[in-house]
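Visitor: Questions regarding the structure given below will be posed in turn.
The values are calculated or read from the model by the stated rules, or taken from the named source; none is laboratory data. Since we're looking at a predicted model, the values are computed, not measured. Cβ atoms come from the backbone with ideal geometry, glycine included; neighbour counts cover every protein chain shown. Note: accessible area is taken over every heavy atom of the protein model, side chains too, but ligands, DNA and RNA are not part of it. Shrake-Rupley method; radii C 1.70, N 1.55, O 1.52, S 1.80 Å.
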Amino acid sequence: MSAVCAALAADPVLASHYADFRGKTQAALNPALVALVRQAVATVHGIDSAPIDESTLDEGTRLCLAYARRMPFEHTAISDAEAAAVALHLGEAGFVAFSVLAALADAECRAELVDLPGLVGG
């Protein structure tokens, strides 16, 4: 369970809505990509130290991971061309789901780092 989900446990309705939103976001993408994006973002935050072996990944997936790694601390430096390349690889709907996934992964890592459940008494 993510730190955000644990922090929301005191409010079952909100927790359910968050879990539903998170689940629908993840379901819109390939499960392997979801896992890789979550791992890449966690690595940026120092939560996961396992390197991702990109040698067998296609160019589009490598583009997605490079983009995802920049989301936590360099999102304002991502160029329109970089975003367009990811959108071309995933399609527009996939790009939106990917962007939400990366943002949620970032938020969940940050929540874990500050022990959000402990801060809210969850």
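Visitor: Could you check, for region 63-71, whether at least one of its residues is open to solvent by 60 Å² or more (accessible area, probe 1.4 Å), touching a helix residue (DSSP H, G or I) at 6+ places or on another chain (Cβ under 6 Å) and of a type in the set (Lys, Arg)? Give the derivation first.
Guide: Residues of region 63-71 open to solvent by 60 Å² or more (accessible area, probe 1.4 Å): 63, 69.
Keeping just the survivors that are touching a helix residue (DSSP H, G or I) at 6+ places or on another chain (Cβ under 6 Å) gives 63, 69.
Filter once more, so that each one left must be of a type in the set (Lys, Arg): 69.
Scanning region 63-71, I find at least one residue that is open to solvent by 60 Å² or more (accessible area, probe 1.4 Å), touching a helix residue (DSSP H, G or I) at 6+ places or on another chain (Cβ under 6 Å) and of a type in the set (Lys, Arg), so the answer is yes.
Results for (1) closer than 17 Å to residue 106 by Cα; (2) among the polar types (S, T, N, Q); (3) open to solvent by less than 50 Å² (accessible area, probe 1.4 Å); (4) in contact (Cβ under 8 Å) with a residue 60 or more places away in the chain, shown as yes or no for each residue.
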{"residue": "35", "(1), (2), (3), (4)": "yes, no, no, no"}
{"residue": "45", "(1), (2), (3), (4)": "yes, no, yes, yes"}
{"residue": "48", "(1), (2), (3), (4)": "yes, no, yes, no"}
{"residue": "58", "(1), (2), (3), (4)": "no, no, no, no"}
{"residue": "87", "(1), (2), (3), (4)": "no, no, yes, no"}
